[in-house]
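Visitor: This is the structure I have questions about; it appears just below.
The values are calculated or read from the model by the stated rules, or taken from the named source; none is laboratory data. Just so you know, these numbers come straight off a predicted model, no measurement behind them. Cβ placement follows ideal geometry from the backbone for every residue including glycine, while neighbour counts extend to all protein chains displayed.
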Amino acid sequence: MSYDSDSLYNALKNYIHVKKKPVWGTCAGCILLSEKVEKTKDDNIENEYGNEFSLGGLDIEITRNYYGSQVKF
């Protein structure tokens, strides 16, 4: 995903924080909407919503487990 001003990330962030629209997230969506993400792969990545590139908007903390894909390739 590109993180420039025309990216999907910024459009979703605007939709959630500026327009104050309701959103629903399960599984990875819940992780993206959480305010803080713990046990990230790269603890050097930070933004205003925690240690991972999250959108924020849901006042919860998530702990990642990194069990991988549910589908075997």
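Visitor: Only residues that are part of a loop (DSSP other than H, G, I, E, B), of a type in the set (A, V, I, L, M) and modelled with pLDDT under 90: list them for the stretch 4-46, please.
Guide: Scanning the stretch 4-46 gives a single hit, ILE45.
Visitor: Tell me which residues, restricted to the stretch 15-31, are more than 17 Å from ILE60 (Cα to Cα) and surrounded by 13 or more Cβ atoms within 10 Å (Cβ to Cβ).
Guide: TYR15
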